[in-house]
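Heads up: the structure comes next, in structure tokens.
The values are calculated or read from the model by the stated rules, or taken from the named source; none is laboratory data. No experiment lies behind these values; they were computed from the predicted model shown. Glycine gets a Cβ as well: all are built from the backbone with ideal geometry, and neighbour counts include every protein chain shown.
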Ligand code: MLT
């Protein structure tokens, strides 16, 4: 029978819909979550395929002796938890689910933007703290209509955020070194080539880039302190390294920028002494961009389908 003798390792928690597909496929699979690097390295050679989210770190060491491992699927977009040079060197195919979580992540970025502009988390905590100090003035916010949003990374998620921001009557400009066009989205989003000139024009910034060396500290200390408008609201739903987190905490304290809403951190879970935890006008969430019922079902189903197709017929989906 098809799939006989093949084995899949599911190394992170996956929505049940994908696991159902694995069962139906007849390919045997084991779910082993929370393995440390040594444990994952020891398991790897026994499997033809591996499915991960962001928890499992598929390092060079994990793939050092790949045994029969042929393919890894990332149920999600970012493959930064998989050491790609080693995967390539060992002939292991890496797949992702590029589009399955686009809408949810875009909606989360917009939710962060609005929470920040209208101080929703702080106002919520205020009401719940009791009636004695009831204050409206303290929670006066900023209207987004009429403001300029800068979208960094005009891929699927960036464009989805941009279209919704335009519907909210924001002016949207984009920055993306991979886009040659002067504008995108039927001319509605003007592209700016120079990042500092881009910063000089915007009231809100949102990041939708993959992370990695090329995007590290795009918001550096120098830019946070010297190049951003002081009213800037910063949204990061991409990867922690895009913003210098420590400089950001200082820039917020010194009012060099007005606020930040951050979903992603260099180190997750965020350490208890991280300076952003105490920074003023800062909204934090624990990497929730793709954390909806819909997106988690979709990434699980897409990743499992891609693995089944590859193991059964060599068909490549989502490379
Ligand atoms: C992704 O890359 O898909 C997102 O960061 C979400 C996640 O890691 O779960």
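So the values come out like this:
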quantity: Answer residue from segment 135-145, given it is out of contact with any strand residue (DSSP E or B) (no Cβ under 8 Å at 6 or more places or on another chain) and part of a loop (DSSP other than H, G, I, E, B) and is farthest from residue 235 (Cα to Cα) among those; calculated: 135
quantity: Qualifying positions in segment 38-59 - within 21 Å of the chain's Cα centre (by Cα) and part of a loop (DSSP other than H, G, I, E, B); calculated: 53, 54, 55, 56, 57, 59
quantity: Top-ranked residue in segment 297-319 [being part of a loop (DSSP other than H, G, I, E, B) and touching a helix residue (DSSP H, G or I) at 6+ places or on another chain (Cβ under 9 Å); ranked as modelled with the lowest pLDDT]; calculated: 319
quantity: Yes/no for residue 305 being in the same structural domain as residue 51 (by TED's automatic domain parsing), within 27 Å of residue 156 (Cα to Cα) and surrounded by fewer than 21 Cβ atoms within 10 Å (Cβ to Cβ); calculated: yes
quantity: Selection count, segment 228-269, where residues are crowded, with 22+ Cβ neighbours inside 10 Å, within 15 Å of the ligand (Cβ to nearest atom) and in a helix (DSSP H, G or I); calculated: 1
quantity: Inter-residue pairs, beta-carbon under 6 Å, first more than 14 Å from the ligand (Cβ to nearest atom) and in segment 290-314, second at pLDDT 95 or above and part of a helix (DSSP H, G or I), 6+ apart; calculated: 301/17; 301/18; 304/18; 304/21; 304/22; 308/25
quantity: Where residue 115 falls short, out of the listed (1) within 16 Å of the ligand (Cβ to nearest atom); (2) touching a residue at least 24 places away in the same chain (Cβ under 8 Å); calculated: (1)
quantity: Residues of segment 81-111 satisfying the condition of being within 12 Å of the ligand (Cβ to nearest atom) and out of contact with any helix residue (DSSP H, G or I) (no Cβ under 9 Å at 6 or more places or on another chain); calculated: 81, 82, 108
quantity: Residue check for residue 212: at pLDDT below 95, closer than 21 Å to residue 82 by Cβ and within 16 Å of the ligand (Cβ to nearest atom); calculated: yes
quantity: Criterion violated by residue 13 - all others in (1) within 12 Å of the ligand (Cβ to nearest atom); (2) buried (at least 18 other Cβ atoms within 10 Å of the Cβ) satisfied; calculated: (2)
quantity: Which listed residue, of 35, 69, 9, is at pLDDT 95 or above, farther than 23 Å from residue 264 by Cα and within 24 Å of the chain's Cα centre (by Cα); calculated: 9
quantity: Filter pass, residue 179 being surrounded by 14 or more Cβ atoms within 10 Å (Cβ to Cβ), more than 22 Å from residue 142 (Cα to Cα) and in contact with a helix residue (DSSP H, G or I) (Cβ under 6 Å, 6 or more places away or on another chain); calculated: no
quantity: Failed item, numbered, when residue 63 is tested on (1) more than 16 Å from the ligand (Cβ to nearest atom); (2) assigned to a helix (DSSP H, G or I); (3) under 25 Å from the mean Cα position of the chain (by Cα); calculated: (2)
quantity: Subset of segment 68-78 that is part of a loop (DSSP other than H, G, I, E, B) and touching a helix residue (DSSP H, G or I) at 6+ places or on another chain (Cβ under 9 Å) - its residue that is farthest from residue 8 (Cα to Cα); calculated: 77
quantity: The one condition in (1) farther than 30 Å from residue 25 by Cα; (2) assigned to a loop (DSSP other than H, G, I, E, B); (3) touching a helix residue (DSSP H, G or I) at 6+ places or on another chain (Cβ under 9 Å) that residue 225 fails to fulfil; calculated: (2)
